[in-house]
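**Student:** Have a look at this one.
The values are calculated or read from the model by the stated rules, or taken from the named source; none is laboratory data. Quantities reported herein were computed from a predicted structural model and do not represent experimental measurements. In this analysis, Cβ positions are derived from the backbone assuming ideal geometry, glycine residues included, and neighbour counts consider all displayed protein chains. Side chains included, ligands, DNA and RNA excluded: accessible areas come from the protein's heavy atoms. Shrake-Rupley method; radii C 1.70, N 1.55, O 1.52, S 1.80 Å.
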Amino acid sequence: MAAGPVSGGPVGRFAPSPSGRLHLGNLGCSLLAWLSAKSRGGKIVLRIEDLDAARCPRVYADQLEEDLAWLGLVWDEGGSQGGTHGPYYQSECSEIYTQSYKKLEKMHLVYPCFCSRAQLHAASAPHTSDGNVVYPGTCRDLTPAEVAAKAQVKAPAWRLKVPDEVISFEDGCMGPHAENLLTDCGDFYLRRADGVFAYQLAVVVDDARMGVTEVVRGADLLSSTARQLYLYRLLGLKAPAFAHCPLLLAADGRRLSKRDGDQSLENLRGKYTAPEIVGKLAWLYGIQPEPAPRTPESLLAEFDWAKVPKADICIPEGLF
């Protein structure tokens, strides 16, 4: 179920990865994205981020649509409804991503990488705040002969060369943020060895072609933004505004995941009504002073990014 088209205002998006049922963290980001766009007369696009189709069966994508609609988080285009900016399933967009990938190849910025994850984590390279390795450039300057020899043993992944440059931006929730592409991010993947395109490229291409002007997502993706802004620039695309919301954590401080069945919508729907879930989330994010039942529409007049905390939020024991 989706709302009718809306003209004017920002264009936000839901971009879930359907590898399991939605959990509270997914729902919280979706609620904030919806409120941020709709409170200013905007609209929402639903994109299904199923790049790895084997991990993301369509049954989960269909279920998350039903879950979002049940909560009242209706969207204006995308998903199974379709619209004018399709395809809305990333698994159907390989040819589109290939066009942008070839542009980067022509700039001589793409190179093959034969390093394994184990090799990188065993190296003394620095790590990012999200635990990933800052790539030390091991394969950046391989000769054609070295590439040919290594390719006989292992199919390469493909990375993008980045400059020693600081990318700065103002985050709508977290405030000023800056990262050095070379020392904080490193050359990053554009394509896996099996041919699947990387998140960084796909999300940039899709947000641009879908007319997205505002990206609301979890703070765990804040470190992706500098890389994506660099890709927008290289591809000649207009970058959206970004707002990274605090993560919802379990009462013991653990990150929520789709493996936490007690925090999945599959179980929550058996315990609470949609307004009860929305109201509790709105309280956690500071949008209302108590966890009283609310509909998304009823929160529009009260939404303000200034109310949303910058630190991650532990869900109190017994709230859900």
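**Student:** Report, by residue number, each residue of the stretch 136-178 that is free of Cβ contacts under 8 Å to residues at least 40 places away in the same chain, hydrophobic (A, V, I, L, M, F, W, C), surrounded by 13 or more Cβ atoms within 10 Å (Cβ to Cβ) and in a loop (DSSP other than H, G, I, E, B).
**Tutor:** Residues satisfying the conditions are CYS139, LEU142.
**Student:** Taking the options ARG55, ARG21, name whichever one is in a loop (DSSP other than H, G, I, E, B), open to solvent by 10 Å² or more (accessible area, probe 1.4 Å) and without any contact (Cβ under 8 Å) to a residue 60 or more places away in the chain.
**Tutor:** Criteria check complete, one pass: ARG55.
**Student:** Let me ask you something else. Taking the stated definitions as given, is GLY83 over 15 Å from the mean Cα position of the chain (by Cα), more than 26 Å from GLY279 (Cβ to Cβ) and surrounded by 21 or more Cβ atoms within 10 Å (Cβ to Cβ)?
**Tutor:** no
**Student:** Also, I was wondering about something else. Just the residues that are open to solvent by less than 10 Å² (accessible area, probe 1.4 Å) and in contact with a helix residue (DSSP H, G or I) (Cβ under 6 Å, 6 or more places away or on another chain), please, taken from the stretch 60-70.
**Tutor:** The answer is ASP67, and nothing else.
**Student:** Hey, among PRO275, PRO289, PRO296, PRO240, which residue is under 21 Å from the mean Cα position of the chain (by Cα) and either of a type in the set (Phe, Trp, Tyr) or at pLDDT 95 or above (or both)?
**Tutor:** Checking each option against the conditions leaves just PRO240.
**Student:** Inspect all residues belonging to the stretch 222-231 and state whether any of them is polar (S, T, N, Q) and either surrounded by fewer than 17 Cβ atoms within 10 Å (Cβ to Cβ) or out of contact with any Phe, Trp or Tyr (no Cβ under 9 Å at 6 or more places or on another chain) (or both).
**Tutor:** yes
**Student:** Also, I was wondering about something else. Among the numbered criteria (1) under 29 Å from PHE188 (Cα atoms); (2) free of Cβ contacts under 8 Å to residues at least 24 places away in the same chain, which one does TYR88 miss?
**Tutor:** Failed condition: (2).
**Student:** If you take the residues of the stretch 243-272 that are open to solvent by 40 Å² or more (accessible area, probe 1.4 Å) and of a type outside the set (D, E, K, R), which of them is modelled with the highest pLDDT?
**Tutor:** Only one residue tops the list, namely TYR272.
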